[in-house]
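For reference, the structure discussed in these notes is given below.
The values are calculated or read from the model by the stated rules, or taken from the named source; none is laboratory data. Just so it is clear, the structure is predicted and the values come from calculations on it, not from any experiment. Positions of Cβ are generated from backbone atoms using ideal geometry, with glycine treated the same way; all protein chains shown enter the neighbour counts. Just so you know, the surface numbers come from the protein's heavy atoms only, side chains and all, with ligands and any DNA or RNA stripped out. Shrake-Rupley method; radii C 1.70, N 1.55, O 1.52, S 1.80 Å.
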Amino acid sequence: MNFTTALKKEILQQKPENSCCEYALLSGFLRSSVSVIKNSAGYGFELRVESEEIANFFSELLFKLYGTEPDLFAFKEDKLNACERFILRYHGERAFFLMKELGILSFDNNPELLSTISPYLTENECCRRAYLKGVFLGAGTATLPEKSSSDSTQKTATGYHLQFVFSTHAYATSFCAFLAEFDLLPKLIERKSGFVVYFKSSQQISDILALIGTSNGVLTLQDRLVEKSFQNDLNRRVNCEMGNMTKQVNAFVAHKMAIEGIDQVLGLENLPQPLQAVCIARLENPDVSMETLAELLGISKSCLNHRLRKITSIYRTITQ
């Protein structure tokens, strides 16, 4: 089960706080996912949802609040997007009435699709959260970086991402203003799929998940953040250790070249005894750190560095 599916299942398992929240939830869902239909039978609307669970939930809610049943409840395979779709279609006066009451169509003689969010339906704090839940169920998706496994640390290119996709710029703008009431500041861009309102900040995504009541989703996100922090720390330590090891190897190669060059030209026995001791100890202990080598010689690290610089200087002199 992907992260989006898990979040939507968690929302569907919740009971609306108050009866007014049911209308707000339904309004948010319909406004973000409905297609308005106008034909000889009058106005109607069609819903295409990705799961039977969502289809059943909202068909039951529509019947509970308005006593209306779908004219069509069908399953269709969406080959273009490689997914399944459940289609609900409603016609008639009841469908026309509820679209106006839920703030989807205007009350004009020639009603139009509204781009604003009804202040009446979202007057209370609980209703605003319910509306947000409905919009997420209709148009929201969320992704997290993949969990690291024992044989792979590859992560998704998307990283932390939560988005809502809408068909019109006007409604996307209204929804951004609605989110701002929760101190959430998304970005809005246009793509082929429509107008996308999105977040990439893990903190703001966590805030949204808390607002829509997905506590399990918040815990999953926090778990992924902890794991990512641990993995980053581990990578930094590994990189640091690899860097130190590379420096150590490069230093030994340079020292070995200098010592062997001096031995071939001058002979190590002709060096002062302290430098001889360093040369012999360096060749006999190629894998030890400078700190360990200094301890083996019974001198300080600064003294060892001074003697090695002297050895390198002698080598440069005799090879010029």
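Taking amide H atoms as placed 1.01 Å from N in the peptide plane, the amide H of E146 lies under 5 Å from those of T156, each 5 or more residues away in sequence or on another chain. In this Cβ point-charge picture (+1 for Lys and Arg, -1 for Asp and Glu), the range 4-127 has a dipole of about 240 debye about its Cα centre. Dipole size of the chain about its Cα centre, with +1 on Lys/Arg Cβ and -1 on Asp/Glu Cβ: approximately 920 debye, rounded to the nearest 20. Element breakdown for the chain at a 1.4 angstrom probe: carbon and sulfur atoms account for 51% of the accessible area. Rolling a 1.4 Å probe over the protein heavy atoms leaves D223 with an accessible area of roughly 70 Å².
Note on the chain: with a GNM built from Cα contacts shorter than 10 Å, the maximum mean-square fluctuation among N110, N56, N124 falls on N110. Heavy-atom accessible surface of the range 54-142, averaged per residue, reaches 53 Å², computed with a 1.4 Å probe. Rounded to the nearest 10 degrees, the inclination of helix 52-66 to the longest alpha-carbon principal axis of the chain is 40 degrees. For S59, the solvent-accessible surface with a 1.4 Å probe is about 20 Å², rounded to the nearest 10.
Rounded to the nearest 10 degrees, the angle from helix 215-265 to the longest Cα principal axis of the chain is 20 degrees. The slack in the chain from I189 to M245, taken as 0.36 nm per residue of separation less the alpha-carbon distance, amounts to 15.5 nm.
For L88, the shell of other residues with beta-carbons less than 10 Å away shows a net charge of -1, using +1 for Lys and Arg and -1 for Asp and Glu. Sparsely packed loop sites in the range 173-263 (the trypsin sites (Lys or Arg not before Pro) outside DSSP H, G, I, E and B with at most 16 other Cβ atoms within 10 Å) comprise K192, K200.
Taking the 0 to 90 degree range and rounding to the nearest ten, how far is the long axis of helix 202-211 tilted relative to the main principal axis of the chain, both from C-alpha atoms? On a 0 to 90 degree scale, this one is about 30.
Per residue, the solvent-accessible area of the range 202-320 (1.4 Å probe, heavy atoms of protein chains only, all protein chains present) comes to 61 Å². Net charge near V278, counting Lys/Arg +1 and Asp/Glu -1 over other residues with Cβ under 10 Å of its Cβ? Value of the local net charge: +3. Taking chymotrypsin sites (Phe, Trp or Tyr not before Pro) as exposed when DSSP calls them loop and at most 16 other C-beta atoms lie within 10 angstrom, the chain has its longest site-free stretch at 183-320.
Taking the Cβ of T317 as the centre, find all other residues whose Cβ is under 14 Å away and add up their charges (Lys, Arg: +1; Asp, Glu: -1). Cβ neighbours under 14 Å give a net charge of +3.
For the range 174-227, the list of GluC sites (Glu not before Pro) that fall in a loop by DSSP and count at most 13 other C-beta atoms within 10 angstrom reads E181.
Restricting the range 256-311 to GluC sites (Glu not before Pro) that sit in a DSSP loop and have at most 13 other Cβ atoms within 10 Å of their own Cβ leaves nothing.
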